[in-house]
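Each remark here refers to the structure printed beneath this line.
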Amino acid sequence: MKRGYSLAQIGLHWLVALMVPVQYLTGGSIERTHHAAHMGITPSSWDVVQHHLHNYAGIAIGLLMGVRLVLHVLQPSEASVPGTWAGRAATVLHHAFYAAIIGQACMGFVASYFWFGIAPYHVIGSRIILAMVALHLAAAAWHTLIARDETVDRIVFPRRKRSAQEL
């Protein structure tokens, strides 16, 4: 098995992976809630619940990605094939994920608590992240179904300690 990520990094990856779809499922409630308020009517209680869920899950995702970034700096994984174009593309995509998701959480926080004018950029950011997730899933499927290599195993199974023979 290739050396991969620590158990903490794997857990954070999958926790964020489970939370991101919540953002897409609850995002529409923001517009409905604000539209109702601007029209002078009370928004539905379900939209208000979704609005809060979206806000707090977004803050949590931003914080979790910040922790992931710190762990990534302190405990870098070994790239599977660092010199290839695919290895470089994977590195760029992973760094872009950190920037986009942390930036998205920051924009959402600003839109919620300070300046709603940034909301259109937050929507654009969500579409960019969705495209990145699609590319990420396509790469994972390619590694699993076509290349049949151990790349995806790195984010499923925690890295093992090096044995004395490997040192």
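The values are calculated or read from the model by the stated rules, or taken from the named source; none is laboratory data. Bear in mind the structure is a predicted one, so any value in this text is a computation, not a measurement. Using ideal geometry, Cβ is built from the backbone for each residue, glycine included, and neighbour counts are taken over all protein chains shown. When the accessible area is computed, the model is the full protein with side chains, heavy atoms only, and any ligands, DNA or RNA have been set aside. Shrake-Rupley method; radii C 1.70, N 1.55, O 1.52, S 1.80 Å.
Tabulated results
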read-out	value
Any hit, the stretch 70-80, residues being open to solvent by less than 40 Å² (accessible area, probe 1.4 Å), closer than 21 Å to Pro158 by Cβ and part of a helix (DSSP H, G or I)	yes
Qualifying positions in the stretch 126-140 - more than 20 Å from Leu63 (Cα to Cα) and open to solvent by 80 Å² or more (accessible area, probe 1.4 Å)	Arg127, Leu135, Leu137
So Val20, is it within 19 Å of the chain's Cα centre (by Cα), among the aliphatic types (A, V, I, L, M) and either exposed (fewer than 12 other Cβ atoms within 10 Å of the Cβ) or part of a helix (DSSP H, G or I) (or both)	yes
Residue list for the stretch 101-125, restricted to those being of a type in the set (Ser, Thr, Tyr) and crowded, with 17+ Cβ neighbours inside 10 Å	Ser112
Val67 open to solvent by 40 Å² or more (accessible area, probe 1.4 Å), touching a residue at least 40 places away in the same chain (Cβ under 8 Å) and part of a helix (DSSP H, G or I)	yes
